[in-house]
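Structure, as structure tokens:
The values are calculated or read from the model by the stated rules, or taken from the named source; none is laboratory data. It should be emphasised that the depicted structure is a prediction, and the values quoted were computed from it without experimental measurement. Ideal geometry is used to build each Cβ from the backbone, glycine not excepted, and the neighbour counts take in all protein chains shown.
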Amino acid sequence: MTCEHGTRRVTRTELDGSVTVIADSYRGRRLNSPNDVVVKSDNSIWFSDPHYGIMTDYEGFRAEQELPCHVYRVEPSGKIEAVLADFACPNGLAFSPDESRLYVADTGRMFSSDSRHIRVFDVAPDGRLAGGEVFCAINPGCADGFRMDDDGNLWSSAADGVHCLAPDGHLMGKILVPETVSNLCFGGRAKHQLFIAATTSIYAITLNRSGAQNP
């Protein structure tokens with residue numbers, strides 16, 4: 001699954017190398033610049049759509065904004081629905097290990113003083129969301145991409161590296177990196193290696209935790 005700023009769409013690359021477009025518009029209007037995506041165990045696809053890729057030519061191509069900045073869900077049937085509409089600019093997102101909670105970062109509008117934090121929502125069996133309280137604020141920097149481990153801890157990007165937050169939102173510790181971190185993921189055979197995407201480098205570290213898998 002890929003979020004494409006330049007083409008303003010979400011795609012899936014198939015095993016034979018062909019590309020399937022999952023979403024590029026909503027109610028006849030072009031998406032802004034899909035940023036992060038996660039697939040739930042029921043095969044629904046959830047993605048954030050901030051405007052960063054169309055505000056300048058730096059991350060995409062400057063263009064007129066046709067839609068607000070929403071979080072969307074694409075059902076296995078292909079139906080797309082805006083599920084969260086009260087964000088300045090939604091960014092990273094991830095489900096808890098049992099998929100009962102959805103975490104979504106709000107990194108604020110470009111060149112603004114919007115609050116930058118991660119919010120958490122309860123997920124009903126039918127996919128409806130409730131709640132939305134602030135889970136934590138990342139400082140320094142902001143939560144761009146993040147992932148969950150098997151114990152329900154959240155590992156978030158930050159300006160000084162990676163922050164590990166407990167299920168109640170308190171900061172457990174940091175992995176300091178000499179560059180600003182934008183995203184990360186678990187990998188390796190046991191899913192206990194953390195791969196970290198920073199400004200100019202990719203870092204890796206072996207942990208005593210494993211990345212969360214679909215229930």
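Summary table
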| read-out | value |
| --- | --- |
| Residue count for the range 43-90, restricted to those that are of a type in the set (S, T, Y) and assigned to a loop (DSSP other than H, G, I, E, B) | 4 |
| Residue check for P167: part of a loop (DSSP other than H, G, I, E, B), touching a Gly at 6+ places or on another chain (Cβ under 8 Å) and touching a residue at least 12 places away in the same chain (Cβ under 8 Å) | yes |
| In the range 95-125, residue surrounded by the most Cβ atoms within 10 Å (Cβ to Cβ) [restricted to those that are modelled with pLDDT of 90 or more and among the charged types (D, E, K, R)] | D106 |
| Selected residue (only one of A190, A198, A204 is modelled with pLDDT under 95 and outside the structural domain of D86 (by TED's automatic domain parsing)) | A190 |
| Selection within the range 91-101 - closer than 18 Å to R128 by Cα and either part of a loop (DSSP other than H, G, I, E, B) or not aliphatic (A, V, I, L, M) (or both) | F95, S96, P97, D98, E99, S100, R101 |
